[in-house]
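Notes follow once the structure below has been shown.
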Amino acid sequence: IPLVRGGGTGQVESALSQILVGLMDMADSVSLHSFNESHLLVDVTNPKIKYDNVWYCRSLGSPVASVVAAIASQGLARPLRIAHEKTEGKTVRIELEILP
């Protein structure tokens with residue numbers, strides 16, 4: 001999957017979908033919403049990797065959030081951090097903070 005460094009949010013959403021849904025079969029769907037210049041909001045529907053709320057997941061995020069952050073960081077050519085992660089029904093909502 002060609003992911004051009006700095007390709008923008010449209011490319012990031014496409015890459016997330018191709019990797020998480022198509023290649024790795026980790027979720028049913030992925031959608032990326034741009035909050036503003038400093039935050040992204042990503043919804044992952046029906047993630048297939050479950051995790052326990054243990055200290056390292058609270059520190060590093062879930063495996064799905066970590067993959068999302070790595071792909072988004074590459075696509076935006078910016079460092080990111082997982083600011084917040086919340087499960088709402090069958091959707092995991094991941095808020096990424098875009099760092100300077």
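The values are calculated or read from the model by the stated rules, or taken from the named source; none is laboratory data. From a predicted model like this one, the values you see are computed outputs, not experimental measurements. Please note: Cβ atoms are built from the backbone with ideal geometry, for glycine as well, and neighbour counts cover all protein chains shown. The protein model used for the area step is the full one, side chains on, heavy atoms only, and it has no ligands, DNA or RNA in it. Shrake-Rupley method; radii C 1.70, N 1.55, O 1.52, S 1.80 Å.
Within the group S59, S66, which residue is at pLDDT below 90 and among the hydroxyl-bearing types (S, T, Y)?
Testing whether each residue is at pLDDT below 90 and among the hydroxyl-bearing types (S, T, Y) leaves just S59.
Residues to consider are I71, I98; find the one that is open to solvent by less than 40 Å² (accessible area, probe 1.4 Å), hydrophobic (A, V, I, L, M, F, W, C), modelled with pLDDT of 90 or more and in contact with a Lys or Arg (Cβ under 6 Å, 6 or more places away or on another chain).
When all the criteria are applied, what remains is I98.
Considering each of T91, T45, T9 in turn, give the residue that is in contact (Cβ under 8 Å) with a residue 60 or more places away in the chain, open to solvent by 20 Å² or more (accessible area, probe 1.4 Å) and touching a strand residue (DSSP E or B) at 6+ places or on another chain (Cβ under 8 Å).
Checking each option against the conditions leaves just T9.
Given the conditions (1) modelled with pLDDT of 90 or more; (2) surrounded by fewer than 18 Cβ atoms within 10 Å (Cβ to Cβ); (3) under 12 Å from the mean Cα position of the chain (by Cα), and given that L23 satisfies all but one, which numbered condition is not satisfied?
(3)
Is it the case that Q18 is over 12 Å from the mean Cα position of the chain (by Cα) and surrounded by 13 or more Cβ atoms within 10 Å (Cβ to Cβ)?
The answer is yes for Q18.
For residues in segment 53-68 being open to solvent by less than 50 Å² (accessible area, probe 1.4 Å) and among the hydrophobic types (A, V, I, L, M, F, W, C), which is nearest to the chain's Cα centre (by Cα)?
V68
For the structure I just gave you, tell me whether S34 is open to solvent by 70 Å² or more (accessible area, probe 1.4 Å), touching a helix residue (DSSP H, G or I) at 6+ places or on another chain (Cβ under 7 Å) and under 24 Å from Q11 (Cβ atoms).
So S34 fits the description; yes.
Name, by its number, the condition in (1) more than 14 Å from I71 (Cβ to Cβ); (2) in a strand (DSSP E or B); (3) modelled with pLDDT of 90 or more that does not hold for V44.
So the condition that V44 fails would be (1).
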